[in-house]
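Here's the structure we're looking at; comments come further down.
Bear in mind that the values in this text are calculations on the coordinates, not laboratory data. Note that this is a predicted model, so its numbers are computed, not measured. In this analysis, Cβ positions are derived from the backbone assuming ideal geometry, glycine residues included, and neighbour counts consider all displayed protein chains.
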Amino acid sequence: MRPKTRSVRGLLLGAMTLSAVLALVLMGAFFTVFSYDLEDAIFGRLVATEADRRPGEASVVPSGMTTYVGHASLPPWIQESVPKDAPLSEREVFTRDHGHFHVAVRPDESQGPTRYVVFNTTELTSTTRHLQRTANLLVTSALLALLGAALLSRIVARRLSRPLEQLVSRVQADATPRPEEDGGIAEVRALAAALRDRDTRIQELLERERAFNRDASHELRTPLAVAQGAVEILEQDPPSDVETFERLRQAVHHMGLLTEGILWLARAGRTDEDCELVRISREMAALYGGPRQRGDVELVIEAEGEVFVSLPGSVARVMLGNLIKNALAYTSQGRIVIHISPDSWSIRDTGVGFGRVEPRHTGFGIGLSLVERLARRFTWDMAISPLEPHGTQVRLTWPRET
């Protein structure tokens, strides 16, 4: 199962929003812990100050603070939490029924009774209740903070993703990325530079391939013209070995088609030429299938009428001729059916099917590859699929005229 894909902007928004939520949660937790700790520190300091005050020193005792001398004088609920031999310290005491207390323990250095300063902070301990009362305010503040973080995240994500989106648009439009469209982002600039370098290399490779195809095709035309001329002369007085002469004639004609197809690959631009697919299919079937139409292989063309397509006739002969030739080469018995409709051309056989032949046994060579490349050259689609129980179907489709 393929992982779900997301845009860069979506990833950035998600990451920044999650970071904002996590930051708010952590800040809330730290704030709560800090509030409790600060409250305890203040109460502890109050009881310690009162416990350490010198006798007779004037002071203002907060309400709820009481001094006890001796452990027995402590209220029972304090005695349970403060041991009789407790050292000098400040303690926080929680009781179930009597509230929350802070106690300062001051043992007497002369072995006299211990002095205890007890501060009832039940009414003053309001952190929890205060947080509860202000929960709506906290939630509202958190939502506003999240909204601000989301808006900031959106701005940053757009700032980061826009150069990438522009880069994708230019690549999809087969245009070279421009340096000024990197948005000032180093990674996008490096990616755009790498794409420009790649496009340059691809163009150089394509140009070398076109030059090779053009030169090879032109070089082959002269010997092919000589061979075709020889075949035409021999046709006037056919040799006694008719079968060998027929193979020679087909081979020369097929080499001419291959040369023409390679030459078309080297040409740039489009063409306004049209051709008749039914007529060319019959022509190629007669050329390659005439001698093969015995009782074991039947070649059939199905078409309701002539079909015109925007394709040079020479290219159609290369493509259809190679497909028919390959189907005949891999079908020893049964039927080969060519079906032509206004939007597709297909051929299916009942033989082993060249689509199922093991790679080390394939014999169609440059033919099928040339058909595929010519199909891409003229924006046609080519699909090869196996048939059950045996056989292969090749289907060519072309764009509809608007």
Problem set entry | Nearest-0.05 FRET efficiency for Thr67 and Val21, computed from C-beta distance (R0 56 Å) | 0.70
Problem set entry | HN-Hα J in Hz across the range 192-202 - Karplus 6.51, -1.76, 1.60, θ = phi - 60°, x for Gly and Pro | 4, 5, 5, 5, 5, 4, 5, 4, 4, 5, 5
Seminar exercise, completed: Here FRET efficiency (C-beta to C-beta, Glu243 to Glu304, R₀ 41 Å, nearest 0.05) is 0.70
For this session: Give me the distance in nm between label points sitting 7 Å out from Cα along the Cα-to-Cβ direction at Thr200 and Leu88, one decimal.
Result: 8.1 nm
Problem set entry | Under the Karplus curve 6.51 cos²θ - 1.76 cosθ + 1.60, θ = phi - 60°, whole-Hz ³J(HN,Hα) for the range 278-284, x wherever Gly or Pro sits | 5, 5, 5, 4, 5, 4, 5
Problem set entry | Longest to shortest principal axis, alpha-carbon extents of the range 21-110, angstrom | 57, 31, 25
Seminar exercise, completed: Taking 0.36 nm per residue of separation between Arg282 and Gln172 and subtracting their Cα-Cα distance, the length gained on full extension comes to 35.6 nm
Seminar exercise, completed: Applied in sequence order to the range 299-315, the curve 6.51 cos²θ - 1.76 cosθ + 1.60 (Karplus, θ = phi - 60°) yields integer Hz couplings, x standing for Gly and Pro, of 9, 10, 10, 10, 7, 7, x, 5, 10, 9, 9, 7, 7, x, x, 5, 5
Seminar exercise, completed: For Cys275, the residues 5 or more places away or on another chain with a placed amide H closer than 5 Å to its own amide H are Val309, Leu311
Problem set entry | Inter-label distance for Ala251 and Tyr36, nm, one decimal - labels placed 7 Å from Cα along Cα-to-Cβ | 9.5 nm
For this session: Return the long-range amide H neighbours of Val93 (sequence gap of 5 or more, or a different chain), with a cut-off of under 5 Å between placed amide H atoms.
Result: Phe101, His102, Val103
Exercise. Tell me, how many Å apart are the Cα centres for the range 369-402 and for the range 43-97?
Worked result: 95 Å
For this session: Hey, can you grab everything whose amide H is under 5 Å from the amide H of Thr114? Only 5+ residues off in sequence or another chain; H modelled, so Pro and N-termini drop out.
Result: Gly70, His71, Asp108
Exercise. Where does the charge balance sit around Asp40 when Lys and Arg score +1, Asp and Glu -1, over other residues with C-beta under 13 Å from its C-beta?
Worked result: -2
